[in-house]
Amino acid sequence: MKPISSLRRTSARALLATGLITSLALVSGCAKSEDDAAADKKPAAQGGSGGAAAASGTGAGGRTCTLDAFGGKKLDLKNATVGFSQSEKEANPFRIAETASLKAEAEKRGIKLLTANGQSQFSKQISDVQDLIAKGADLLVIAPLNSDGWQPVLSSARARHIPIVTVDRKINGTACKDYVSFIGSDFVEQGRRAADRMIEATGGKGELAILLGAAGNNVTTERTKGFEQRIEEKAPGLKVVFQQTGEFSREKGQSVTEQLIQSKPGIDGIYAENDEMGLGAVNALKGAGKQPGDVKIVTVDGTRSAVQGIVDGWIDGVIESNPRFGPLAFQTLDAFTKGQKVPQDIVIKDSAYTKDNAKADLAKAY
Amino acid sequence: MTQLTLGRVTADRDRLRRLLQDYGVYLGVAVLLLVNVAFTPHFLSAENFRTQAVQVAPVLIVALGMALAIGTEGVDLSVGSVMALATSLVSLYLGYGPWIALLVAVAGGLVVGLANGSLIAFVGVQPIVATLALMVAGRGLALVLLPQLKQVHDPGMAALGSGAVLGVPYLVLIAAGLALLTAFVVRRTTFGRQLLALGDSRPAARLAGLPVRRVLILVYAASGAFAAVAGVLATARLTASDPTSLGTLMELSAITAVVVGGTPLSGGRVRIGGTVAGAVLIQLLTATLIKHDLPPSWTQIAQAVVIVLAVYAARERGKR
């Protein structure tokens, strides 16, 4: 009995292995996507290219930090090693553009940049940062996955007087002690600007729907808060009659919008809290036989597909959430290491796309 | 005298329970339809029914494969990841035209299903563990193949996602066809009998000389292929390949549809009609709550209530 069963087992394993290897070979060997078929080469420049234009930021709150207050000694950024810890896999346009922007700016300034990616696992990001310190990073730029849980890293960085700049999310700690500055977008302000755009597009009258982001996410709450506040203040004629989550995904955005236009065919505007849900809404409107402009859509993020949506007439406005932190981050570190004052909170400038500039600025979108 | 009546009452209650277990899901669908006709504006329109049918189609197709796996006293947790893998493959192979891309995607699902089935049938790994492994690996592979969302421009794919014959969308036709096929296989073929027999008691099936391993492998291969078809259809509907989010939590929706439809988790019984109704019930429930703009968390709570009710009915039946 035994030899037979072990033979079977071996053959099963062989079968499995062959199957998987064949499939992998197939998959990687002869793939041919639409782009390959059309052989259209898209411009390779992404993210980094538009960076220079968006380099300006403003200090908010006015609190500043200096090298004297933080501790440590002056150094020339040109001879320094900077470590960058990215939080999530570069699998969405935002993260891709963010990492590309930091790399491009480091290259431009001739600075040695070490990078690591936490792959959406907080424990990995923590060990990433410890690795970066061990590899000799003199300064750190961190895009944190979470705001909390950074104390062990912060204290080991503080012991070596390593200045930290956090981008896109904050670290809970004391500014100018645990870290130097935070550079990020103002999500409430993005909501307000989306509302302004919506008021303009609808003429300030009608019924609105909101496609909310993922529940329990500060981006969702802040983008909703800003939007609702501004609508209430400036356009009492606009009523939000529908608020459902699209979980930041195109598929959910489409499904929810399909339900919406069936039960409320007269809806005048849809505010999508990210581009993906907005593009899902466009799919749903197309499927329902609506024409571009029948329902006004305003989204937040500024990805290339959404800006293309403006060019095509389906989307009325895209408020950018700027991922190009490279120039500002290095500017801040440069000034700081020279001994100058730098703001503790820096708000990155987000641009916006409407039909007036969408075509011209399409290449700038990430 | 009292004893007699009591006995009759129990018998009546038993019968009621059995009726509720067998037909409760259809009753649920009927009640939800009536509620919506009465309270939801613009519910009674062809357009609305089309929307609900199109949205439920991928879930239903995945649930059909899941019903087979559950019928063998197993489960397939990898279905959501197989959808993601299928969407990546479609995007990678669309250069050869939509048919080739579709075939490659379904072949990919088949390979994952065969791997699941081999692990379960030959290596003896528990279905929940084997398919959990491929759930994790499948999503990983999908993201390696296609790291981020990619637009699909192929007109053939777009037509598949939004086209219709005599007002019935392709997606709905395909889902209905696969449901009929599965029902036929379960009820009318030797393979179906063998599947149910081994779900009832695997030792007995083995002693009776049934090809247990072959049946198990075929069941998981079918589940993988169905999930891949669902992934392709979802891609066509979205006109984009999104391996990051496509199919997430799909395994739970599919299991819910199967269980609510009256297929017991203990195997030996597969109810395809019930599975269809189960999927429709969940879809209508979600649609109702969305159309009335109730907080999204309510949908989840309502789904949980439906699952608990269905499992409660099944429990009573098992005790008898």
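The values are calculated or read from the model by the stated rules, or taken from the named source; none is laboratory data. All figures in this text were calculated on a predicted structure; none of them were measured in a lab. As a convention, Cβ positions derive from the backbone with ideal geometry for all residues, glycine included, and neighbour counts pool all protein chains shown.
I'm checking my understanding of the structure. Among residues of the range B:94-115 that are at pLDDT below 95 and within 8 Å of chain A (Cβ to nearest Cβ), which one is surrounded by the most Cβ atoms within 10 Å (Cβ to Cβ)? That would be B:Leu94. If the condition is being outside any helix (DSSP H, G or I) and at the interface with another protein chain (Cβ under 7 Å from one of its Cβ atoms), then the range B:116-148 contributes B:Pro147, B:Gln148.
B:Met250 meets the conditions (1) at pLDDT 95 or above; (2) within 14 Å of chain A (Cβ to nearest Cβ) in every case but one. The failed one is (1). Candidates are the residues of the range A:102-126 that are part of a helix (DSSP H, G or I) and among the aliphatic types (A, V, I, L, M); the one that is nearest to A:Gly326 (Cα to Cα) is A:Leu102.
Among helices (runs of 4 or more DSSP H) entirely within the range A:146-257, having at least 3 residues that are buried (at least 18 other Cβ atoms within 10 Å of the Cβ) and in contact (Cβ under 8 Å) with a residue 40 or more places away in the chain singles out A:187-202, A:218-234. Taken together, the residues in the range B:257-284 that are surrounded by 24 or more Cβ atoms within 10 Å (Cβ to Cβ), assigned to a loop (DSSP other than H, G, I, E, B) and among the small types (Gly, Ala, Ser) amount to 2. With respect to B:Gln21, determine if the residue is polar (S, T, N, Q), surrounded by fewer than 23 Cβ atoms within 10 Å (Cβ to Cβ) and under 30 Å from B:Leu143 (Cα atoms). Judged against the criteria, B:Gln21 is not a match. The set of residues from the range A:270-307 being surrounded by fewer than 24 Cβ atoms within 10 Å (Cβ to Cβ), away from every other protein chain (no Cβ under 13 Å) and in contact with an Asp or Glu (Cβ under 6 Å, 6 or more places away or on another chain) comprises just one member, A:Lys296. For the range B:47-83, residues that are within 11 Å of chain A (Cβ to nearest Cβ), more than 9 Å from the chain's Cα centre (by Cα) and not β-branched (Val, Ile, Thr) total 7.
The sole residue among B:Ala313, B:Ala302, B:Ala230 that is within 14 Å of chain A (Cβ to nearest Cβ) and either touching a helix residue (DSSP H, G or I) at 6+ places or on another chain (Cβ under 6 Å) or assigned to a helix (DSSP H, G or I) (or both) is B:Ala230. Quick one: how many residues across the range B:122-137 are more than 17 Å from the chain's Cα centre (by Cα) and surrounded by 21 or more Cβ atoms within 10 Å (Cβ to Cβ)? Looking only at that region, the number is 2. Within the range B:233-256, the only residue that satisfies the criterion of being over 30 Å from B:Leu20 (Cα atoms), assigned to a helix (DSSP H, G or I) and among the β-branched types (Val, Ile, Thr) is B:Thr235.
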